[in-house]
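Report on the following structure.
The values are calculated or read from the model by the stated rules, or taken from the named source; none is laboratory data. No experiment lies behind these values; they were computed from the predicted model shown. Backbone-built Cβ (ideal geometry, glycine too); neighbour counts: all protein chains shown. Note: accessible area is taken over every heavy atom of the protein model, side chains too, but ligands, DNA and RNA are not part of it. Shrake-Rupley method; radii C 1.70, N 1.55, O 1.52, S 1.80 Å.
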Amino acid sequence: MARSLEKDIGCLYVASLAAPWVVTYQERTSPTRSDPIDETDNYFALYGKLDMVAVINKATAEFYSKVGRGP
């Protein structure tokens, strides 16, 4: 049964944003003899907590399993 539903199975993630909401950070590599390139990458990320993860059938919206934070 699982193989026949493979294309319809998906994951649902529910999260809550928390301060400071958006986090920015930077990673930089310095040049070396073997890799003489100076690279700087800038990143932006949302900060929060994961409240629930569920495995669902995307076609029928049926929940197969879910795990979440308790009250």
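Note on residue 39/residue 61: beta-carbon distance plugged into 1/(1 + (r/R0)^6) with R0 of 30 Å gives a FRET efficiency of 0.10.
Ligands, DNA and RNA excluded, the heavy atoms of residue 63 present near 110 Å² of accessible surface to a 1.4 Å solvent probe.
Full extension of the chain between residue 5 and residue 27 yields a length gain of 3.8 nm, computed as 0.36 nm times the residue separation minus the alpha carbon distance. Residue 35 sits with roughly 80 Å² accessible to a 1.4 Å probe, with DNA, RNA and ligands left out of the calculation.
Given +1 at the Cβ of Lys and Arg, -1 at the Cβ of Asp and Glu and no other charges, the dipole of the chain around its Cα centre is 360 debye to the nearest 20.
Suppose all protein chains stay in the model; what accessible area per residue would a 1.4 Å probe give for the chain, in Å²? Spelled out: the 1.4 Å probe surface of the chain, per residue, equals 88 Å².
Rolled with a 1.4 Å probe across the full set of protein chains, the surface gives residue 6 an accessible area near 130 Å².
Given a 1.4 Å probe and heavy atoms of the protein chains only, how would you sort 17, 5, 46, 12, largest accessible area at the top?
Details: 17 105, 5 40, 46 130, 12 65 Å².
Result of the area sort, largest leading: 46, 17, 12, 5.
The listed residues 22, 14 rank as 22, 14 when sorted by accessible area, largest first, using a 1.4 Å probe. Only protein atoms count toward the accessible area here, which uses a 1.4 Å probe; on the chain, the carbon and sulfur part of that area reaches 56 percent.
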